[in-house]
1. Do we have any residue at all in the stretch 125-136 that's open to solvent by less than 20 Å² (accessible area, probe 1.4 Å), assigned to a helix (DSSP H, G or I), more than 28 Å from residue 255 (Cβ to Cβ) and not hydrophobic (A, V, I, L, M, F, W, C)?
2. Just checking, does the stretch 82-99 include any residue being more than 23 Å from residue 346 (Cα to Cα) and among the acidic types (Asp, Glu)?
3. Scan (1) modelled with pLDDT under 95; (2) over 20 Å from residue 159 (Cβ atoms); (3) open to solvent by 20 Å² or more (accessible area, probe 1.4 Å) for the single condition residue 265 breaks and write down its number.
4. Quick one: how many residues across the stretch 188-214 are assigned to a helix (DSSP H, G or I) and open to solvent by less than 20 Å² (accessible area, probe 1.4 Å)?
5. Could you grab me the full set of residues in the stretch 27-40 that are farther than 15 Å from residue 17 by Cβ, under 24 Å from the mean Cα position of the chain (by Cα) and open to solvent by less than 40 Å² (accessible area, probe 1.4 Å)?
6. Which condition number does residue 108 fail, the rest of (1) without any contact (Cβ under 8 Å) to a residue 24 or more places away in the chain; (2) within 25 Å of residue 4 (Cβ to Cβ) being met?
7. Among the listed residues 348, 326, identify the single one that is without any contact (Cβ under 8 Å) to a residue 60 or more places away in the chain, assigned to a helix (DSSP H, G or I) and buried (at least 18 other Cβ atoms within 10 Å of the Cβ).
8. Scan the stretch 215-226 and give yes if some residue there is over 21 Å from the mean Cα position of the chain (by Cα) and either within 25 Å of residue 324 (Cβ to Cβ) or open to solvent by less than 30 Å² (accessible area, probe 1.4 Å) (or both), otherwise no.
Amino acid sequence: MPSTLLSFPHYASNPYLTMLTVAPRAAGWDVMDGIRTLRRLEMRAEHLGQGDVLHVHWTSPVTSGCQDADEAWAKAARFEDVLTGVRSRGADVIWTVHNSIAHEADHMDVELAVAKTLARHATRIIRINPATIEETAAYYTLPPEKVVDLPHSSYLGVYPDGGDDVASRERIGVPQGVPTVGFIGQIRAYKGLDVLCRAVEIAARTVPDLTFVVAGKVVPAEDHQTVEAMLSASNIVKRLEFVETADFSDWMRASDVVALPYRRILNSGSLLAAGTFGRTALIPEGTPIARQFAEQPWVVTYPPEPDEPAALAAAIVEALEGREERRRAAHLYTRAYTPYDMSRDYLRLLESLADAAELAA
C-alpha cells in the first residue's frame, strides 16, 4: 500500500501546492488533498499511520472563524491533539514556515501557541527563506536539527503562456504602449495597496500615461467597497475578483513591473511569479526576502521609511528603465530552479522520512 501524504490546508487554486506534489504523485504517494478545515483534518488525519506524512503549510485555518479567544484556544488544543495522535501512530509531521506569524491573525497569542506546538511536534520543518530561524526567533524557537531547506521554485511551465504582451493587453483592456505597474493577487490589508496607490499617483507626475493594473479578490469581502473607492482613478485597469489560472498570464504580461509593498514579508510566491514572466519586482528594503534576493538585478528595493509612497514611486520610475536587461536576468533565474526541481527535492525529503520509518519499524 502506498504511503499517504496529507496536505493541510490544501487549496486547489494554489499552484505552489500543485507544483510541490507532482513528483510524489508520480512516485506513487497517495496525496490526500482538499482538506481546508480543522474538522476535516481531524477526520482524515486519524487514518495516518507508519510511513505516512501530515504536511502543515499554513496555521490560520486552525482558528479561523472563531468568535472569541476561548473558542480559538479550544481549536488550538484540538489541533495539538491531531499532531500528537499522528505522531503516536508512527506518521511524520512536516511544517513549512511560509510566514513568521499568520497574516491578520485575530488571536495573535493563540497563533503563536499553534506555531510553538508545531515546532515541538514536527519531524521536519521546511525553511524556504535562509533567514527563517532568525526571523521567527522573536516569536518562537525552531529546533535547528529539524530544519531543512526547500527553496520556492519559479512557476516556469505552470501558467498557460505562449501569447505576447500586445495580445494580453488587448484581452484585458490595457492601452498599448503605455508604461504599467501591476498588483496581481489577493488584495489584503497587509499587502500595502493603499501605499501603492499613492506611489502610482506620485510616479505619474514623472511618467506620462503611467497605468496601474490591479487584479485580485478582495479579502475580506467587506473591504470591497473601500478598495473600489481607492482604485477610482482614470489610469487604473482593474478586476476585483479571483484571477483564474488561465487569465493570470495576461494580467502579468500587461504589467511592465510588479509592485509588492507587503508588510511582514518572509516569503512571496508573487515575487517568483513576477520573475517567471520576466517582470521587475519591487519590494521594501529590510525584509528577509529583500535580503534573500539582494543580488538579483530583476528585484528592485526601496526604503519604506521615512516616506514609503515617495520611495516606492521613485522605485517605479527606476524599474521602468532598463527593463530588457532585468527581463533577461529574471529568465535566467527562473530556469535555474524549476517546479520540477523543487518537487523532486520534496520527494527526496519524503523518501528520507519513509526510509527512517522502515528502519524504526
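1. Going residue by residue through the stretch 125-136, those that are open to solvent by less than 20 Å² (accessible area, probe 1.4 Å) are 125-126, 128-129, 132, 136.
Subsequent filtering for residues that are assigned to a helix (DSSP H, G or I) retains 132, 136.
Filter again for more than 28 Å from residue 255 (Cβ to Cβ), leaving 132, 136.
Narrowing the set further to residues that are not hydrophobic (A, V, I, L, M, F, W, C) leaves 132, 136.
Yes, because at least one residue in the stretch 125-136 is open to solvent by less than 20 Å² (accessible area, probe 1.4 Å), assigned to a helix (DSSP H, G or I), more than 28 Å from residue 255 (Cβ to Cβ) and not hydrophobic (A, V, I, L, M, F, W, C).
2. no
3. (3) is the only condition that residue 265 fails.
4. Step one: list which residues in the stretch 188-214 are assigned to a helix (DSSP H, G or I), which gives 189-191, 193-203.
Now narrow it down to the ones that are open to solvent by less than 20 Å² (accessible area, probe 1.4 Å): 191, 193, 195-196, 199-200, 203.
Total meeting the criteria: 7.
5. If the condition is that a residue be farther than 15 Å from residue 17 by Cβ, under 24 Å from the mean Cα position of the chain (by Cα) and open to solvent by less than 40 Å² (accessible area, probe 1.4 Å), then 38 is the only one that fits.
6. (2)
7. Of the residues listed, the single one that is without any contact (Cβ under 8 Å) to a residue 60 or more places away in the chain, assigned to a helix (DSSP H, G or I) and buried (at least 18 other Cβ atoms within 10 Å of the Cβ) is 326.
8. No; the residues of the stretch 215-226 include none that is over 21 Å from the mean Cα position of the chain (by Cα) and either within 25 Å of residue 324 (Cβ to Cβ) or open to solvent by less than 30 Å² (accessible area, probe 1.4 Å) (or both).
The values are calculated or read from the model by the stated rules, or taken from the named source; none is laboratory data. These figures come from a predicted structure and were not determined experimentally. Because the Cβ atoms are built from the backbone with ideal geometry, glycine has one as well, and the counts that use them run over all protein chains shown. What goes into the accessible areas is simple: the full protein's heavy atoms, side chains included, and nothing from ligands, DNA or RNA. Shrake-Rupley method; radii C 1.70, N 1.55, O 1.52, S 1.80 Å.
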